[in-house]
Amino acid sequence: MAPDGTPALKVVGTRPIRPDGVDKVTGRAQFGADFQLPGQLVGKVLRSPHAHARIRSIDISKAEAVPGVKAVMTAADMPEITSEEAFVGEGPADFKDMSGNTMARDKALYDGHAVAAVAATSAAAADAALAAIVVDYEVLPHVIEVEDAMVEGAPILHDDMFTSGVDPKPTKPSNVAKRMVFQLGDVDAAFEKADIVIERKYKTAPVHQGYIEPHACVAQYAADGQVQIYCSSQGQFMVRAYVAKLLGIDISEIRVTPLEIGGGFGGKTLVYLEPLAVVLSRKSGRPVKMAMTREEVFRGSGPTSGGTVWVKIGAKRDGTIIAGDAVLKFQAGAYAGSPVGPGCMTAFAVYDLQDVRITGYDVVTNRPKVAAYRAPGAPISNFGIESAVDELARELGMDPVELRLKNAAKKGTKAAYGPTFGDIGCVETLEAVKNHPNYQASLGPNQGRGVASGFWFNIGGESSATVNINEDGTAVVATGNPDIGGSRASMAMMAAEVLGIEVERVRPIVADTSSVGYCFLTGGSRVTFATGMAVVEASKSVVNELKARAAKIWDIPVEAVEWQDGEAVPAGSNAGDFEPLSLEDIAAKSGRTGGPIASTSSLNAQGAGPGFGTHVVDVEVDRETGHVKVLRYLATQDAGRAIHPSYVEGQIQGGAVQGIGWALNEEYIYDDKGRLENPGFLDYRIPVASDLPMIDTVVVEVPNPRHPYGARGVGEVPIVPPMAAMANAIQDAIGIRLTELPMSPPKVRKAVDEQAAAEE
Amino acid sequence: MYAPSFAAPTTVAEAVQLLANASGVARVLAGGTDLLVQLRSGVLKPDLIVDTKRIPELRTITTEGGGYRIGASVSGAEAGEHAGLSKDWPGVVEAVELIGSTQIQGRASFVGNLCNASPAADSVPALIAVGATAVIAGPNGEREVPVEEVPTAPGRTSLAKGEMVVAIKLPPKPARTGDAYLRFIPRTEMDIAVVGAGVCVTLDESGKCTAARVSLGAVAPTVLVVDDAAAALVGSKLDDAALAALDAAARAACKPISDKRGTIEYRTKVAGVLARRAAATAFKRAGA
């Protein structure tokens, strides 16, 4: 038994080798671009070179005449979709917009917007066909920055967009899709009582998820209308649903087989190529393979929003924060649907505040439509809030961890977005920082330390799992969630824990859409929690069946059988009457006791425990070049219960590293015509290994009462605090508050020069 | 559809003849680390590609009168493993080793870096600082020019039709001489210089500078030789006044553009910073 009285766990909490590891390190794993079908064509996309242009006409006749070209398509080959809210996905979406984003219909809304596609027998023929397509564009004025898009007279992207959430209802179209307000108490009155008020505006740049694997798929449209899609995505059921909707095909006609995914981070929670490949296959009668280049990934797929964050916080002299107000303006890219909602909801969630207000604006601009990116929206608002809280700590002369401890959200805190928190680990992550040697390490000249905390809801949702017991007593666990962060290992571990067998005897698979029950996509840090719950439920009913079979063999009541360490044991008055029957024994006899043993569980998991984390970073700033070196980095996080601690640590480290890139160098650079100038990893600078120290982690465990083993989602929290932690560390190092991301060398040097000039 | 011709001659004479007789655009492929990227992205569509890696004399580093002759197809990794070269001209070797990743190092060459004619080429300021020359073979025989005379503008060289650079020659190292190259990139690896600075100094027995060369990359259409910056060092022991004069001269020489990798203002300031830092290393090496 564990100290808290729960049974000791044998598998959960250990660190077995991942079941997909050998395939991945030997190169045998099939990722999106590895898959082939006999006779497949090469599909390619023609993209708009203009940031904003009306498409007067598209002439594909010359392209169709190019030798080797088997199909050419435009938006005319896709059904016109009426506006309808998407029912799956990780952010708000509308199917009409999704269709338009997949293939521009009347207007190209960003540099890189798809306008036509071809399928040919070779890449060279496809390239020749793209070059032969004649698009007559009427170039329109464009707008890139969020606040420029909000001013009177800005170029309007959508004539039918009227700001929702304002009263009275506007009569003129606007780039502001939506305004929203979340509030608790009376903020204005609370500010009256504050001894100290910090007010400042911050700005973040849109950043790409930077997954290493570009989008890729193969689609085959058969003569009977059956569609097969093989692709890398964050959800085969998501691909199926979206393709069905965008092309008007019954879901039963579509089977999507998931391939390995080389990173998604939210960016693969929607479709780009799949509907085009299906249309091209339908037109050509051949399978069509499509794969983006890195340039296409940057120009044509969604980053997360950039935005402005105005923050005002009020506190008492003793450090009690009593009021918080924020205004968030997020650019959504070409279609409505930035993550400003979650940006608002998470903004002050790490603090226990009675009087708080957050106002958000969702704004369209001539950039690629944003896609989900780890904790969508939260890192943007957090950068503003946690920078301002650091300024407050400086103003008060208080240690930033102590200030946060004094105000931290805890059990019973009512969050601005509605719920009252249950068991959460915000305080525990702060204590873990305080007690870590990194927090005591001494600092030299131009070195500084920054702290920030972050929050993410985590989600549950619909999941299915099937557990099959093989005739030799091993097991197969089939689920429908692509394995991004080690979920195969977690699923196998939870099944092994329930079944009482070694994890190596459980083979986890990620099944296609026709082979397992529905699973909502891999996102929102939900899979270990929700799909894990389905695995546990299915495994438990398998155990019940195993007990029933043993009862049958022994001819005793099933209530008199217990399952212990992978064996059926007679209990109660029958205790000791029979030799225990192992899983192997029962499986071997299953043909004579009622047939194969299997179980499926489908559920809608509720009660995903919210996640909290605190990061502390030490940096050294080169005042002459503006270069910021990360010296030490510590991330603490509440994982509820770490099913596989290595993969929890890996998630935390990965999130922190992406956040460091977001903080220091990542940005989209546009020329004056709205064309992206840095669509590649050379000039879109994600960190390389040599830029980073070891990311130290401390996993704290405040169990989530709603999960059988206490698990919380862990994938998203770690990207929330890094940007503010970095800005706070730079302030500590050189005494300068940077309010705009990225804090790239030219900006740091400029700030140093301005400070020197101001001091003269 | 685009289909270039490809030739892999085994002698310099054969290569020169192919280049001289080529119709349309001809390109030499040494390591190919720039050329292949340009081909893939479609910015360049040469009619003829001449691979020089099968020419044995272009694959070797030889000593000549106390200096070195580095064949056109010698890779950065091979240069880095050459003990004598690394000992005599560490700045030059460090510069070529900065180009690309470990994999790229197995292919990237000094001559390719020079003939790609990018102002941001890492090895070029280092070569210029030590007074390296380029040996050029052509239809009319061989000629030798200072390295700085090869690039004339971004992507353009002074090579005539049929000519190719077959080797880089480094002079014998004078006594009490040290070289250094530094570049600034926002990351620590896998990037292109925002500014590069090569410095070479010779000291007398008292540690006073008697000769210097300073070269700056990525701050003008071609890599610069900055005589005023060198003059700021000569006669000094790298005191604060000399450093300030060096910084000012380096900045004054800059004629950069603002682009996605840096602004005019930033590049100019950092050129001064790197010139000072490279000079400090060069002095240290010269005195050691």
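Which of the residues that make up segment A:677-721 are outside any loop (DSSP other than H, G, I, E, B), at the interface with chain B (Cβ under 10 Å from one of its Cβ atoms) and crowded, with 20+ Cβ neighbours inside 10 Å?
A:D691 - this is the single residue of segment A:677-721 that is outside any loop (DSSP other than H, G, I, E, B), at the interface with chain B (Cβ under 10 Å from one of its Cβ atoms) and crowded, with 20+ Cβ neighbours inside 10 Å.
Among the residues in segment A:87-101, are any within 14 Å of chain B (Cβ to nearest Cβ), open to solvent by 30 Å² or more (accessible area, probe 1.4 Å) and either within 14 Å of A:L273 (Cα to Cα) or not polar (S, T, N, Q) (or both)?
Checked segment A:87-101: no residue is within 14 Å of chain B (Cβ to nearest Cβ), open to solvent by 30 Å² or more (accessible area, probe 1.4 Å) and either within 14 Å of A:L273 (Cα to Cα) or not polar (S, T, N, Q) (or both).
Looking only at segment A:513-564, which residues are of a type in the set (S, T, N, Q) and under 30 Å from A:A378 (Cα atoms)?
Within segment A:513-564, A:T522, A:S525, A:T528, A:T531 meet the criteria.
B:S109 - would you say it is open to solvent by less than 40 Å² (accessible area, probe 1.4 Å) and of a type in the set (S, T, N, Q)?
It is true that B:S109 is open to solvent by less than 40 Å² (accessible area, probe 1.4 Å) and of a type in the set (S, T, N, Q).
Condition test on B:A134, is it modelled with pLDDT of 95 or more, more than 16 Å from B:E81 (Cα to Cα), among the hydrophobic types (A, V, I, L, M, F, W, C) and part of a loop (DSSP other than H, G, I, E, B)? Spell out the reasoning first.
Details: modelled with pLDDT of 95 or more: yes; more than 16 Å from B:E81 (Cα to Cα): yes; among the hydrophobic types (A, V, I, L, M, F, W, C): yes; part of a loop (DSSP other than H, G, I, E, B): no.
Criteria not met by B:A134.
I'd like to know if segment B:54-61 contains one or more residues that are touching a strand residue (DSSP E or B) at 6+ places or on another chain (Cβ under 9 Å), at pLDDT 95 or above and of a type in the set (K, R).
Yes, that holds for at least one residue.
Among the residues of segment A:623-641, write down those that are assigned to a loop (DSSP other than H, G, I, E, B) and within 9 Å of another protein chain (Cβ to nearest Cβ). Don't jump to the end; show me each part of the working.
So the first thing to find is which residues in segment A:623-641 are assigned to a loop (DSSP other than H, G, I, E, B), and the list is A:623-627, A:639-641.
The answer is A:E624, A:T625, A:G626, A:H627.
Residue-wise test of (1) within 13 Å of another protein chain (Cβ to nearest Cβ); (2) among the acidic types (D, E); (3) in contact with a strand residue (DSSP E or B) (Cβ under 6 Å, 6 or more places away or on another chain).
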position: B:D179; (1), (2), (3): no, yes, yes
position: B:P186; (1), (2), (3): yes, no, no
position: B:A193; (1), (2), (3): yes, no, yes
position: B:K208; (1), (2), (3): no, no, no
position: B:G217; (1), (2), (3): no, no, yes
position: B:G235; (1), (2), (3): no, no, no
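List, please: which pairs have Cβ atoms under 7 Å, are six or more places apart or on different chains, and start with a residue in segment B:72-93 that is under 17 Å from B:K173 (Cα atoms) and end with one that is part of a loop (DSSP other than H, G, I, E, B)?
Listed by first residue and then by second, the contacts come to B:D88/B:K173; B:W89/B:V130; B:W89/B:K173; B:V92/B:V130.
Would you be able to say whether some residue in segment A:601-616 is closer than 22 Å to A:P745 by Cα and touching a residue at least 12 places away in the same chain (Cβ under 8 Å)?
Taking segment A:601-616 first, the residues closer than 22 Å to A:P745 by Cα are A:616.
So of that shortlist, the ones also touching a residue at least 12 places away in the same chain (Cβ under 8 Å) come out as A:616.
Looking for residues that are closer than 22 Å to A:P745 by Cα and touching a residue at least 12 places away in the same chain (Cβ under 8 Å), one finds at least one in segment A:601-616, hence yes.
Looking at (1) in contact (Cβ under 8 Å) with a residue 60 or more places away in the chain; (2) of a type in the set (S, T, Y); (3) closer than 29 Å to B:P174 by Cβ, can you tell me which one B:T52 breaks?
(3)
What pairs come up if the first residue lies in segment B:235-248 and is in the same structural domain as B:T268 (by TED's automatic domain parsing), the second is of a type outside the set (D, E, K, R) and assigned to a loop (DSSP other than H, G, I, E, B), and their beta carbons are under 6 Å apart, counting only those six or more places apart or on different chains?
From residues that are in the same structural domain as B:T268 (by TED's automatic domain parsing), the pairs are B:K237/B:G207; B:A242/B:S236.
If I ask for residues that are crowded, with 20+ Cβ neighbours inside 10 Å and within 27 Å of B:R176 (Cα to Cα), which ones from segment B:136-159 would you list?
B:V147, B:E148
Has segment A:38-59 got any residue that is farther than 30 Å from A:L157 by Cα and of a type in the set (G, A, S)?
Yes - at least one qualifying residue is present in segment A:38-59.
Being among the charged types (D, E, K, R) and more than 14 Å from every other protein chain (Cβ to nearest Cβ) is the filter; apply it to segment A:746-760 and report the residue that is farthest from A:E667 (Cα to Cα).
Only one residue fits best here, namely A:E760.
Give me a count of the residues in segment A:506-519 that are assigned to a loop (DSSP other than H, G, I, E, B), open to solvent by less than 30 Å² (accessible area, probe 1.4 Å) and farther than 11 Å from A:T466 by Cα.
Number satisfying all stated conditions: 3.
Consider A:E462 against the criteria (1) of a type outside the set (A, V, I, L, M); (2) within 22 Å of A:A372 (Cβ to Cβ); (3) open to solvent by less than 30 Å² (accessible area, probe 1.4 Å): it satisfies all of them except one. Which criterion is unmet?
Only one criterion is unmet by A:E462, namely (3).
Give me the pairs: first residue in segment B:260-288 and facing chain A (nearest Cβ under 8 Å), second residue among the hydroxyl-bearing types (S, T, Y) and open to solvent by less than 10 Å² (accessible area, probe 1.4 Å), beta-carbon distance under 7 Å, and six or more apart or on different chains, which are they?
Cβ pairs passing all conditions: B:V270/A:T625; B:V273/A:T625.
Within segment A:175-189, work out how many residues are open to solvent by less than 40 Å² (accessible area, probe 1.4 Å), within 16 Å of A:T359 (Cβ to Cβ) and not β-branched (V, I, T).
Here the count works out to 3.
Looking only at segment A:580-613, filter to residues that are of a type outside the set (A, V, I, L, M) and in a helix (DSSP H, G or I); which one of those is surrounded by the most Cβ atoms within 10 Å (Cβ to Cβ)? Break it down into steps so the answer makes sense when it comes.
So in segment A:580-613, the residues of a type outside the set (A, V, I, L, M) come out as A:580, A:582, A:584-585, A:589-596, A:599-602, A:604, A:606-607, A:609-613.
With the extra rule that they be in a helix (DSSP H, G or I), the set shrinks to A:584-585, A:590-593.
Working: A:E584: 18, A:D585: 18, A:S590: 20, A:G591: 10, A:R592: 10, A:T593: 16.
Of everything passing the filter in segment A:580-613, A:S590 is surrounded by the most Cβ atoms within 10 Å (Cβ to Cβ).
Filter segment A:727-745 for residues that are within 14 Å of chain B (Cβ to nearest Cβ) and out of contact with any Gly (no Cβ under 6 Å at 6 or more places or on another chain) and give the result. Write out each step before concluding.
Taking segment A:727-745 as the starting set, the residues that turn out to be within 14 Å of chain B (Cβ to nearest Cβ) are A:741-745.
The answer is A:L741, A:P742, A:M743, A:S744.
Only one of A:N438, A:N446 is on the phi > 0 side of the Ramachandran plot, polar (S, T, N, Q) and either at pLDDT 95 or above or in the same structural domain as A:A588 (by TED's automatic domain parsing) (or both); which?
Selected residue: A:N446, the only one of A:N438, A:N446 that is on the phi > 0 side of the Ramachandran plot, polar (S, T, N, Q) and either at pLDDT 95 or above or in the same structural domain as A:A588 (by TED's automatic domain parsing) (or both).
How many of the residues making up segment B:1-48 are more than 14 Å from chain A (Cβ to nearest Cβ) and charged (D, E, K, R)? If you could, list the steps in order and put the result at the bottom.
Filtering segment B:1-48 for residues more than 14 Å from chain A (Cβ to nearest Cβ) gives B:5-32, B:35-36, B:44, B:46-48.
Applying the additional criterion that residues be charged (D, E, K, R) yields B:14, B:27, B:47.
Going through segment B:1-48 one residue at a time, the tally reaches 3.
Considering segment A:236-290 alone, what residues qualify as being on the phi > 0 side of the Ramachandran plot and under 26 Å from the mean Cα position of the chain (by Cα)?
A:G263, A:F265, A:G266
Pick from segment B:237-259 the residues that are away from chain A (no Cβ under 14 Å), charged (D, E, K, R) and farther than 25 Å from B:P146 by Cβ: which of them is surrounded by the most Cβ atoms within 10 Å (Cβ to Cβ)?
My answer is B:K237.
In segment A:618-648, how many residues are open to solvent by less than 20 Å² (accessible area, probe 1.4 Å), closer than 17 Å to A:A441 by Cα, over 19 Å from the mean Cα position of the chain (by Cα) and not β-branched (V, I, T)?
Counting residues in segment A:618-648 that are open to solvent by less than 20 Å² (accessible area, probe 1.4 Å), closer than 17 Å to A:A441 by Cα, over 19 Å from the mean Cα position of the chain (by Cα) and not β-branched (V, I, T) gives 3.
Check segment B:28-38 and report whether any residue there is open to solvent by 10 Å² or more (accessible area, probe 1.4 Å) and in contact with a Phe, Trp or Tyr (Cβ under 8 Å, 6 or more places away or on another chain).
Looking for residues that are open to solvent by 10 Å² or more (accessible area, probe 1.4 Å) and in contact with a Phe, Trp or Tyr (Cβ under 8 Å, 6 or more places away or on another chain), one finds none in segment B:28-38, hence no.
The values are calculated or read from the model by the stated rules, or taken from the named source; none is laboratory data. If you're wondering where the values come from, they're calculated on a predicted model, not measured in any experiment. FYI the Cβ positions are ideal-geometry reconstructions off the backbone, even for glycines, and counts take in every protein chain you see. Remember, those area values only see protein heavy atoms, side chains included, never the ligands or the DNA or RNA. Shrake-Rupley method; radii C 1.70, N 1.55, O 1.52, S 1.80 Å.
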